[in-house]
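The values are calculated or read from the model by the stated rules, or taken from the named source; none is laboratory data. Please read all numbers here as calculations on a predicted model, not as lab measurements. Positions of Cβ are backbone-derived with ideal geometry, glycine not excepted, and every protein chain shown enters the neighbour counts. Heads up: the accessible areas ignore ligands, DNA and RNA and are worked out on the full protein's heavy atoms, side chains in. Shrake-Rupley method; radii C 1.70, N 1.55, O 1.52, S 1.80 Å.
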Number of protein chains: 2
Amino acid sequence: MEIQHKRNVILRIMVLLLGVGSIAAFAQEKGNINHPGLILTAEGAEEIRENLASLSMLNKAFEETKSFVDAELEKGIIVPVPKDMAGGFTHERHKTNYFALQKAGVLYQVTKEEKYALYVKNMFLEYAKLYPTLDLHPEERSYARGKIFWQCLNDANWLVYASQAYDCVYDYLTKGERDNLEKNLFIPFANHLSTESPQFFNRIHNHSTWGIAGVGMIGLVMNNQELIDRALNGLSKDNIPKNQKDNDGGLIQKEGVEDFGFLAQIDHLFSPDGYYTEGPYYQRYAMYPFMMLAVGLENLKPEIKIFEYRDKVLVKAVTALLNLTDGNGAFFPLNDAQKGMSYKSRELVAAVDIVYHYGGKNPELLSIAKEQGEVLLDNAGLSVAKDLEENLEKPLVKQSMELRDGSEGKSGGIGIIRSSKGELTLVMKYTAQGEGHGHFDKLSFSLYNGGDEVIPDYGLARFVNIEQKNGGGYLRENKTWAKQTIAHNTLVVNEKSHFNGKFDIGNQFHSDGFFHDFSGEQIQVVSATDEHAIEGVKMHRTMAMISDEAFENPIVLDLLNVSAEGNNQYDLPYYYKEQLVSTNAKLETPESLKAFGDGFGYQHLWVESMGKIQEKPFQLTWLSNRKFYSITTNCVPEDELIFARIGANDPAFNLRREPAIIIRRKDTQNTSFVSVIEAHGSYDPVTEIAKNTYSNIKDVSIAQEDERYVVVEISIKSGENWLFVLSKQDPDKSTKHQLDIKGGTVDWTGPYYFRKNIKSN
Amino acid sequence: MEIQHKRNVILRIMVLLLGVGSIAAFAQEKGNINHPGLILTAEGAEEIRENLASLSMLNKAFEETKSFVDAELEKGIIVPVPKDMAGGFTHERHKTNYFALQKAGVLYQVTKEEKYALYVKNMFLEYAKLYPTLDLHPEERSYARGKIFWQCLNDANWLVYASQAYDCVYDYLTKGERDNLEKNLFIPFANHLSTESPQFFNRIHNHSTWGIAGVGMIGLVMNNQELIDRALNGLSKDNIPKNQKDNDGGLIQKEGVEDFGFLAQIDHLFSPDGYYTEGPYYQRYAMYPFMMLAVGLENLKPEIKIFEYRDKVLVKAVTALLNLTDGNGAFFPLNDAQKGMSYKSRELVAAVDIVYHYGGKNPELLSIAKEQGEVLLDNAGLSVAKDLEENLEKPLVKQSMELRDGSEGKSGGIGIIRSSKGELTLVMKYTAQGEGHGHFDKLSFSLYNGGDEVIPDYGLARFVNIEQKNGGGYLRENKTWAKQTIAHNTLVVNEKSHFNGKFDIGNQFHSDGFFHDFSGEQIQVVSATDEHAIEGVKMHRTMAMISDEAFENPIVLDLLNVSAEGNNQYDLPYYYKEQLVSTNAKLETPESLKAFGDGFGYQHLWVESMGKIQEKPFQLTWLSNRKFYSITTNCVPEDELIFARIGANDPAFNLRREPAIIIRRKDTQNTSFVSVIEAHGSYDPVTEIAKNTYSNIKDVSIAQEDERYVVVEISIKSGENWLFVLSKQDPDKSTKHQLDIKGGTVDWTGPYYFRKNIKSN
């Protein structure tokens, strides 16, 4: 990693030098660029025109674009004086305008029909009249107010789209028209987003990605080297006060980060594996401006080799996103994330087409594009449509992988284990906090079976764009419930969230990968630790997926070792879905339901039942989407089993009523929780056949444990016993170990040992 | 109806005469029948053999059958001494045997490979050795114990399948072998199910349908006129005590019914429209033996014209079942019914093929067979496979209809309103009790949007064949919750179920259709009354589906007029699914959840919130499966709004946690509830676009009401007002009415009046 990072630094310096020196000179030498050339090129437009009839996906994109733009042409040019917030007339109108500008520009180039160019010209002329008259938008609530919209973020969106339109009609306009537009609209617009709003532009944040993309793209179209440099490298001066925060309470500039602009964004926002610290839902959102400016650079400044930059991290970012999905292509809802968002979103349609065309024509991307069922109406979309027509796609087979977090890849990560056959996917999270959208969920996990959630992550508490629910914005319960630790499948100590739920503290730390090994056919393992989230407590969670003929599907082993400075109360929740089928716990059902606690999310859980086991282990079987699942845990009779349901203290019915089993272990210092999760059987309501409805696990237990090792024993109903040994202190894959286990000596190399088929006692 | 019923009686008498006289003589004259001839005929087998390669669906059926039978042949003949209950070894083995016998018989005829005939012969010889040694099955809990199985019902199943196998190998066996089998196995077996178990055989009940089918089918194969007569006309003597009951507490013989056997079953169990009083879930179960004996009769006693019998009621029964389904083909879960059971079940595969082949080749049935994706391996399946190969299918367009209940069609019914375009389906239930599987849900309704439940019916409380849940049998909560009135979308008075939840009383009464009119393009109406379910209370519910441009989908009007002898407390629940979006009620959220009551199902509801409205009307919007729904009700500030959730007093987690809104009106004598239900808009989590998320109803109210008329006014947000007037006492479609409404005089003909676009006040 060190080497790679150094390479990036060298490349960065080179680009810096090029930017202020040779690229500028080169551009001067070259003179004016060919238009269009930014996203859609003149050659691309011609080829699209020639292939519209023969490429069905391209034709679909064309027809949709034409239908939208023709409807707008009917309405005429409407450029109102800015006044409203999101949802209001002027906001929505200006938003529709930038889409219409971009699409009309493309249509002009593809059809060569003048009406589209005329529409773009007339609209731009209206904006050029209006813009010089505007002060800041009258709505004052943004930390970075725009002029057309209430915040610079939306103005930046406008510019990302408008710059594409300008490129498409550039040659249609007279020199005088262009001078007018550049002087009265584009340059002051770009200045407002950058030099006049440094708190918006000079950040490492997805907001400024949009600003940079807008400034960079208009700079490229105008061949304005100053704007291009500004976009690539940020403002050299910004005078931003140290503690200035944005509307969400996020710091404008973090200590220690001193480089800004597009390249710095790429350096800092992505890990070397292309993971974006806020999580896949926001990574999707941020991808679009990254991709658009990158395409502009690739077309007009190919010498930068932006898609090669930082060991192809932009390409990796898209690959990472595609892998952060369940069997339906929906993103794992890590941190603030709305469930159901998937790689079929328009951002991913763009990203997949672009990375296919500019990033090496990986045929696996074609299979995703096919599933998306749509392509961009530009060079990238043309490329995808052509190659799909020739059936060049290969299936994207998602593999087990670790995606490191942090710009240097040293801030923990995400471990994804996928079953070799079948559909089980385990996602373990041991990342950094994830900025303002992060959840307090160190070492949490979720489990998927194809497109079904087995052990779900709650996601966010928000109904995006559903006006009745707080105008579509974040709900109070996002903070009081969704971000809290108890809302996740991980350990809560003494009823307090990790970092006591304090973002400023959580943001300073990250969990650490301990080791992972996905090489085994029989067993795949990921292991991680955290010693910051809970004061005086170290958590070490190791999760494995194990395949064996004894089981219909691989089983998931979950081993959580906790060591602490004193006695604590430990709560370990497992969320599940739908219908409890059976449990061996003896239940006490309360007459009335009370909340489980009064803070850190506990106030949102009803206690539906309290359970105790009379004999080990604890077992629960449930039925969800016509499949059975079981969890078996090494509980002791002293453990309390809380059968909880989300929904307490929810006066506006904002939360989903989903169930959880919470294992509570009181007055304990060091302890280990070990569970096996099985996916088994099926139910068909038409044949009424119930298959394989029982767990196949007899027992799971800690056979022995000391400072250095923990030995897990899994007993199967057939009589077989399995051993899993974890080296708790040494993750080195070459270390040789020797341990006396159950009267015999076991030798092995590496951080874990697994053996099946030992005889039952 | 009178005329039709008389015709049935005449036909019945004719069959009786034929049975004891001429048919017997005819059969004697004709001598032995050709084998096979019962279900699969020799000609059919030959044609199947010739067409296996060319008819893909037939080939699929063949391959599946062959794969099952070949695996059984490998295992050899296993005929254990009966001992176990369902789920146990001997039970499951004998069950597999009868399937294997039937399938092996068919394979012998289709392939002419002797190994299949030999297998059937050897298995039968084993049974012929075992059967004479058997006393009653050792398990004593059935009201009608079998010999092979614990109850005659399963023995009858055996005979229905075995008789088909015997038919297929009849000519393969020697006379001596046949004599042995008939003397030692088939005749005593049939006698046990009939003369020796009159309480099983001489009933009007689905159990005896199986017994009759078995006895009749073996009688047909053996050409044994005595058994055939017994099956057709029942036992002439049975000496069944008047009050004898079965294991479910059902009366063996109801007072007044004195004719038994197959024809009486057809007369009494189906309404003239083919509706089966227990509801579609049990109708599906009962269809198989009806169909099989009917095919046997059609093939071997075609002079009976069984598919013509009673104005083709067996054909109508299948048509009725296909119409009692939602957009996924799943049966409406009326009475005891497990959700998800659909016309893709094997019983409906058989019924659809048979009714297609023997009942007039209705091409709409082919489209269902195509959806089912499988056919029978016999003459009927051949016919379907051939005609599908020739693309003769037509879509089955489900229409609005009333299905009358009761053998004479005078015991109320089911009203189904379907939207002309789109997918909305309203199901209103005003039937008789539905025997032992009936629910106390007079005038309840449910609403579907395609395959989605909008206002759901709970169905049964049982997990069929899931052993952990009470062995797969009915759960305690079926009686304490699922059957109770409050579990349904209908009126509960003074917290007591209809008929106080007493089956013996409920079984004596039925609701009454008042009128229905599905002829309008703009409005379709169904109206029904009940004056028995609640002492001293008359309910009159009128439901309409109204189409108008002002609404994205048709709206549902629900008008419930209640008149009573004194003051009562009225509870009107509406169940819904998933996520509450908004309500105009002011909510008081309790700190802890308490059960809503202590009996009649109220003990199973948690009160999540209590609401009051401050201004009329009450409105609730929810989001389910990505679509929005709203209900608007004419509440008054005195009404209590209970936001309830199923799941209280459910120690074994047997119930689904689904929400309801319950409108409670206290200390009231006569009153009318009127609601409008809207399906509107959509939500897409990928685009995050929320469309049409608000109700379009401003108000719904009772504008005026007297003894004879009730006038409903619906106000739309656009400013339009609509009028719906119900003639409460006169359902006659030709009666002329005149009424002063809001200062003007309105004239109309028939039981209701509807007018749009009146001006707002």
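Below is a table of values for the structure above.
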| read-out | value |
| --- | --- |
| Scan of segment A:120-145 for residues that are at pLDDT below 95 and either outside any loop (DSSP other than H, G, I, E, B) or of a type in the set (Ser, Thr, Tyr) (or both), ordered by number | A:142, A:143 |
| Qualifying residue in segment A:453-461 (condition: modelled with pLDDT of 95 or more, in contact with a helix residue (DSSP H, G or I) (Cβ under 7 Å, 6 or more places away or on another chain), among the aromatic types (Phe, Trp, Tyr) and under 16 Å from residue A:277 (Cα atoms)) | no |
| Segments classed as strands (runs of 3 or more DSSP E), wholly inside segment A:608-669, with at least 3 members that are within 11 Å of chain B (Cβ to nearest Cβ) and of a type outside the set (Val, Ile, Thr) | A:618-624 |
| Enumerated helices (runs of 4 or more DSSP H) restricted to segment A:159-203, each holding at least 2 residues that are in the same structural domain as residue A:216 (by TED's automatic domain parsing) and of a type in the set (Asp, Glu) | A:175-181 |
| Scope segment B:671-689; condition assigned to a strand (DSSP E or B), touching a residue at least 40 places away in the same chain (Cβ under 8 Å) and under 23 Å from residue A:284 (Cβ atoms); matching residues | B:682, B:683, B:684 |
| Sole exception among (1) surrounded by 18 or more Cβ atoms within 10 Å (Cβ to Cβ); (2) outside any loop (DSSP other than H, G, I, E, B); (3) not aliphatic (A, V, I, L, M) for residue A:371, by number | (1) |
| Selection status of residue A:707, assigned to a loop (DSSP other than H, G, I, E, B), assigned by TED's automatic domain parsing to the domain that holds residue A:571 and either modelled with pLDDT of 95 or more or over 15 Å from residue A:575 (Cα atoms) (or both) | yes |
| From the options B:699, B:730, B:706, B:747, residue that is away from every other protein chain (no Cβ under 14 Å) and in contact with a Leu (Cβ under 9 Å, 6 or more places away or on another chain) | B:747 |
| Candidate set from segment A:223-254 (those that are assigned to a loop (DSSP other than H, G, I, E, B) and of a type in the set (Val, Ile, Thr)); member that is surrounded by the most Cβ atoms within 10 Å (Cβ to Cβ) | A:252 |
| Segment A:453-465 residues that are at the interface with chain B (Cβ under 10 Å from one of its Cβ atoms) and under 19 Å from residue B:693 (Cα atoms), paired with ones that are open to solvent by 10 Å² or more (accessible area, probe 1.4 Å) and outside any strand (DSSP E or B) (beta carbon under 7 Å, 6 or more apart) | A:464/A:338; A:464/B:688; A:465/B:688 |
| Which listed residue is surrounded by fewer than 22 Cβ atoms within 10 Å (Cβ to Cβ) and at pLDDT below 95, from A:733, A:698, A:759 | A:759 |
| Residue that is closer than 17 Å to residue A:646 by Cα and among the acidic types (Asp, Glu), where the choices are B:638, B:588, B:615, B:658 | B:658 |
| Scan of segment B:526-574 for residues that are farther than 16 Å from residue B:673 by Cα, under 24 Å from the mean Cα position of the chain (by Cα) and open to solvent by 10 Å² or more (accessible area, probe 1.4 Å), ordered by number | B:532 |
| Residue B:150 vs. criteria assigned by TED's automatic domain parsing to the domain that holds residue B:123, in contact with an Asp or Glu (Cβ under 8 Å, 6 or more places away or on another chain), hydrophobic (A, V, I, L, M, F, W, C) and under 19 Å from residue B:136 (Cβ atoms) | yes |
| Entirely in segment B:255-326, the helices (runs of 4 or more DSSP H) that have 1 or more residues that are more than 16 Å from residue B:403 (Cα to Cα) and small (Gly, Ala, Ser) | B:262-269, B:280-300 |
| Of all residues making up segment A:70-119, the number that are touching a residue at least 12 places away in the same chain (Cβ under 8 Å), under 30 Å from residue A:473 (Cα atoms) and either part of a helix (DSSP H, G or I) or of a type in the set (Ser, Thr, Tyr) (or both) | 13 |
| Every residue from segment B:39-66 that is outside any helix (DSSP H, G or I) and over 30 Å from the mean Cα position of the chain (by Cα) | B:41, B:52, B:53, B:54, B:55 |
| Qualifying position, being open to solvent by 10 Å² or more (accessible area, probe 1.4 Å) and either of a type in the set (S, T, N, Q) or in the same structural domain as residue B:189 (by TED's automatic domain parsing) (or both), among B:60, B:66, B:121 | B:121 |
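Results for (1) at pLDDT 95 or above; (2) of a type in the set (Asp, Glu); (3) closer than 16 Å to residue A:217 by Cα, shown as yes or no for each residue.
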{"residue": "A:285", "(1), (2), (3)": "no, no, no"}
{"residue": "A:289", "(1), (2), (3)": "yes, no, yes"}
{"residue": "A:294", "(1), (2), (3)": "yes, no, yes"}
{"residue": "A:309", "(1), (2), (3)": "yes, no, no"}
{"residue": "A:326", "(1), (2), (3)": "yes, yes, no"}
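Yes/no matrix, rows are residues, columns are (1) of a type outside the set (S, T, N, Q); (2) open to solvent by 20 Å² or more (accessible area, probe 1.4 Å); (3) farther than 30 Å from residue B:554 by Cβ:
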residue: B:598; (1), (2), (3): yes, yes, yes
residue: B:606; (1), (2), (3): yes, no, yes
residue: B:618; (1), (2), (3): yes, no, no
residue: B:669; (1), (2), (3): no, yes, yes
residue: B:672; (1), (2), (3): no, no, no
residue: B:675; (1), (2), (3): no, no, no
residue: B:678; (1), (2), (3): yes, no, no
